[in-house]
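The values are calculated or read from the model by the stated rules, or taken from the named source; none is laboratory data. Given the structure is predicted, the values throughout are model-derived calculations rather than measurements. Please note: Cβ atoms are built from the backbone with ideal geometry, for glycine as well, and neighbour counts cover all protein chains shown. The area values use the complete protein model at the heavy-atom level, side chains included, leaving out ligands, DNA and RNA. Shrake-Rupley method; radii C 1.70, N 1.55, O 1.52, S 1.80 Å.
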Amino acid sequence: HDALPIWYTADNSYQYLEKLPELELYPQTVDLRLFKLSSIFGYGDYHEVRYVPLLGKNRNYRAQRVRSSLNARRRLPLGIGTVALLSAGVDQFLYSPGDQLFTYREKLSLQTNLGGLFSNNLNYQKGLTEGNTPFLFDQLGSRYHYVRENLSFYYQNKYRWSLDGGYNWQTSKWFEVKTNLRVA
């Protein structure tokens with residue numbers, strides 16, 4: 001049809017990711033009193049078929065990936081119904097073609113819940129990457145830097161009015177402010 005976009009190809013909807021085999025080991029979390037330390041070690045053979053707009057068709061790619069991750073978490077009660085959750089982590093990915101990808105993540109959340117009438121979740125998150133990955137699924141959501149807040153007024157299960165919004169430094173844009181009212 002002439003009405004179809006020029007970039008359309010017949011196979012662009014046939015996209016998939018196979019992970020055969022994929023093995024991940026999660027050693028026991030270590031409590032160092034100051035923070036909890038957890039790790040992940042993994043290996044996978046990945047086959048990705050994904051539409052690439054610059055090529056105008058699907059790209060069919062297969063490679064192996066080795067992963068190691070280290071994560072630190074801390075939960076701090078601040079009083080008056082507020083808890084701070086702090087976390088940071090690093091990932092190292094190695095790929096069979098020789099590519100390497102390093103990621104760093106940090107997060108600070110302040111969660112407040114007052115008397116079953118008011119809750120507030122304030123989240124700051126940042127993630128950075130260095131290196132290269134041959135896969136498109138590894139790149140999704142790997143670079144971000146934002147603050148987001150969700151404010152709710154509620155009474156039991158009778159009603160809940162919520163406001164949600166924030167700012168993304170990565171794109172220098174404000175998130176849409178969303179509001180939701182639920183009445184039972």
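The number of Lys pairs in the chain with C-alpha atoms less than 23 Å apart, excluding pairs fewer than 8 positions apart on the same chain, is 9. Taking all protein chains together, Glu130, Glu24 sort by accessible area into Glu130, Glu24, largest first [probe 1.4 Å]. Going 7 Å from the Cα of Phe118 along its beta-carbon direction, which residues of region 52-88 have the amide nitrogen within less than 17 Å of the resulting point? Correct set: 78-83.
Nonpolar atom fraction for the chain, defined as the carbon and sulfur part of the 1.4 Å probe accessible area, stands at 58 percent.
Neighbours of Gly115 by Cβ distance under 15 Å: Lys/Arg scored +1, Asp/Glu scored -1, total +2.
Dividing the C-alpha radius of gyration of region 75-184 by 2.2 N^0.38 Å, with N its residue count, gives 1.39.
Working note: Debye formula, equal point scatterers on the alpha-carbon atoms of the chain, no solvent; log10 I(q)/I(0) at q = 0.11 Å⁻¹ is -0.76.
Take every pair of alpha-carbon atoms less than 8 Å apart whose residues are at least six positions apart; their mean separation over the length of region 39-106 yields a relative contact order of 26 percent.
Just want to confirm a number: the relative contact order over region 78-184, from Cα pairs under 8 angstrom separated by 6+ residues, in percent. Once divided by the residue count of region 78-184, the mean separation gives 19 percent. Under 1.5 on a/c is rounded, so check that first for region 33-89, then, if it is not, pick prolate when a/b is larger than b/c and oblate when it is not; a ≥ b ≥ c are the square roots of the alpha carbon gyration tensor eigenvalues. It is oblate, given that a/c is not under 1.5 and a/b is not larger than b/c. Computing FRET efficiency as 1/(1 + (r/R0)^6) for Ile80 and Leu163, where r is the C-beta to C-beta distance and R0 is 22 Å, gives about 0.60.
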